[in-house]
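Notes follow once the structure below has been shown.
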Amino acid sequence: MDFLVLFLFYLALVLIGGVMICICSKTHYLKGLVSGGAQIFSYIIPECLQRSMLGLLHYLFHTRNHTFIILHLILQGMVYTEYTWEIFGYCQELEFSSYYLFLPYLLLVINLFFFTLSCVTDPGTITKANELLFLQVYEFDEVMFPKNMRCPTCDLRKPARSKHCAVCNRCVHRFDHHCVWVNNCIGAWNARYFLTYLLTLTASAATMAIVSIVFLVRLVLLSDLYLETYVDELGHFQVIDTIFLIQYLFLTFPRIVFMVGFVLVLSFLLGGYLCFALYLAATNQTTNEWYRGDRAWCQHCPHVARPPSAEPQVYRNIYSHGLWSNLREIFLPAAVHYERKKK
């Protein structure tokens with residue numbers, strides 16, 4: 001029964017970790033997922049329960065709230081508690097290097113620092129006071145970002161690369177996406193913090209996975225377990241293989257094996273999203289631009305009004321100016337803004 005509870009517990013953590021990556025990528029995808037799921041469950045779930053579920057989903061994903069921040073901290077705390085309680089002590093007994101054992105804690109401190117900055121930093125809210133300044137930062141490509149467009153909600157002229165966030169109810173400069181895990185938009189002024197937060201979160205999960213796996217491997221080597229034999233169902237002696245070793249470790253250290261599985265899956269999920277975020281940073285794109293630019297022909301873009309006889313225009317990323325310049329724009333946005341403003 002303990003094993004079943006542990007299995008369900010860590011399976012829930014893995015699923016939540018996967019949902020975290022999907023939600024962070026773009027709110028637009030979530031809308032399609034929710035609407036599709038609502039159609040399926042409408043046939044089997046009572047209407048009153050459907051209304052309650054839709055109300056809860058709307059509160060969680062379409063209003064600003066601290067639910068996912070609290071959930072994020074709880075999940076992180078649970079993982080680090082397991083690491084400290086199960087792995088740290090055993091590794092000290094096996095005389096692991098203190099540098100490797102304390103590295104996850106160092107990454108945790110850095111991660112929480114940038115997590116906080118991602119939550120509280122203004123992403124680049126456009127107001128009447130700074131509207132003219134933001135209009136000078138990026139040129140209009142006349143395809144995805146035409147001139148003289150106004151936000152009907154904020155009643156402001158829309159600078160290039162900006163977008164109105166329906167969750168925060170504000171226009172954001174160089175809008176990337178709204179992330180429920182930091183309860184904030186990711187824009188020009190906090191993209192560097194979010195990228196560093198994502199990097200350290202991935203590194204901490206990968207580090208704990210590596211330390212845990214090395215511990216299990218060293219335990220097997222020191223015990224010479226791989227040299228042992230066992231009697232199978234037919235009464236024959238068999239050399240212990242990998243599957244038998246995993247089963248033995250699972251029965252002996254169930255919590256550690258489950259934690260290894262969780263942090264491994266989480267490392268791959270976070271690593272995949274991190275690679276996508278680094279690709280966007282290296283090419284000077286936002287998630288919003290990547291999604292909209294994926295539809296190559298502009299007649300499929302609902303944001304541009306054009307006569308039916310007009311020739312279709314192909315979207316081209318005019319904001320990429322080389323790798324180092326693109327990265328500098330992410331990590332030093334104020335300096336770039338000042339230089340472009342002077343021009």
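The values are calculated or read from the model by the stated rules, or taken from the named source; none is laboratory data. What you see is a predicted model, and the numbers here were worked out from it, not measured in a lab. Neighbour counts are summed over all protein chains in view; Cβ atoms, including those assigned to glycine, are modelled from backbone coordinates with ideal geometry. Surface accessibility is based on the protein's heavy atoms, side chains included, excluding ligands, DNA and RNA. Shrake-Rupley method; radii C 1.70, N 1.55, O 1.52, S 1.80 Å.
How much length is gained if the chain between I213 and F276 is pulled fully straight, taking 0.36 nm per residue apart and subtracting their Cα-Cα distance, in nm to one decimal?
Values: separation 63, 0.36 × 63 = 22.68 nm, distance 2.66 nm.
Computed gain between I213 and F276 is 20.0 nm.
Would you mind getting me the FRET efficiency between T63 and C151? Use the beta-carbon distance for r and R0 = 25 Å, nearest 0.05. Display every interim value, and only then the final one.
Numbers: r = 20 Å, r/R0 = 0.79.
Once the sixth-power term is evaluated, E becomes 0.80.
If each residue of separation counts as 0.36 nm, what is the full-extension length gain between T116 and F102 once their alpha-carbon separation is subtracted? Mind showing how you got there, number by number?
On the way: separation 14, 0.36 × 14 = 5.04 nm, distance 2.16 nm.
Gain on stretching T116 to F102: 2.9 nm.
Between L71 and F244, what is the label-point separation in nm under the 7 Å Cα-to-beta-carbon projection?
About 4.3 nm, to one decimal.
T127 versus V220, label points 7 Å from Cα toward the beta carbon: distance in nm?
Here the modelled spin labels are 6.0 nm apart.
If you count only protein heavy atoms with a 1.4 Å probe, what accessible area per residue comes out for segment 48-132, rounded to a whole Å²? Write down the numbers at each step before the final one.
On the way: 5110 Å² over 85 residues.
Dividing the accessible area of segment 48-132 by its residue count gives 60 Å².
Using only the alpha carbons of segment 35-174, what is the convex hull's orientation-averaged projected area in square nanometres?
Numbers: hull surface 58.3 nm².
If you wrap the Cα atoms of segment 35-174 in a convex hull and average its projections, you get 14.6 nm².
For segment 79-238, list log₁₀ I(q)/I(0) at each q in 0.10, 0.13 Å⁻¹, using the Debye formula over Cα point scatterers of equal strength and ignoring solvent, two decimals each.
The calculated log intensity ratios at q = 0.10, 0.13 Å⁻¹ are -0.58, -0.74.
Report, to two decimal places, the Cα Rg of segment 98-182 normalised by 2.2 N^0.38 Å (N = number of residues). All intermediate terms of the calculation are to be shown ahead of the outcome.
On the way: Rg = 17.7 Å, N = 85, 2.2 N^0.38 = 11.9 Å.
Ratio of Cα Rg to 2.2 N^0.38 Å: 1.49.
Give me the Å³ per residue figure for the convex hull around the C-alpha atoms of segment 180-228. Mind showing how you got there, number by number?
Details: hull volume 3.4 nm³, N = 49.
Dividing the Cα hull volume of segment 180-228 by its residues yields 70 Å³.
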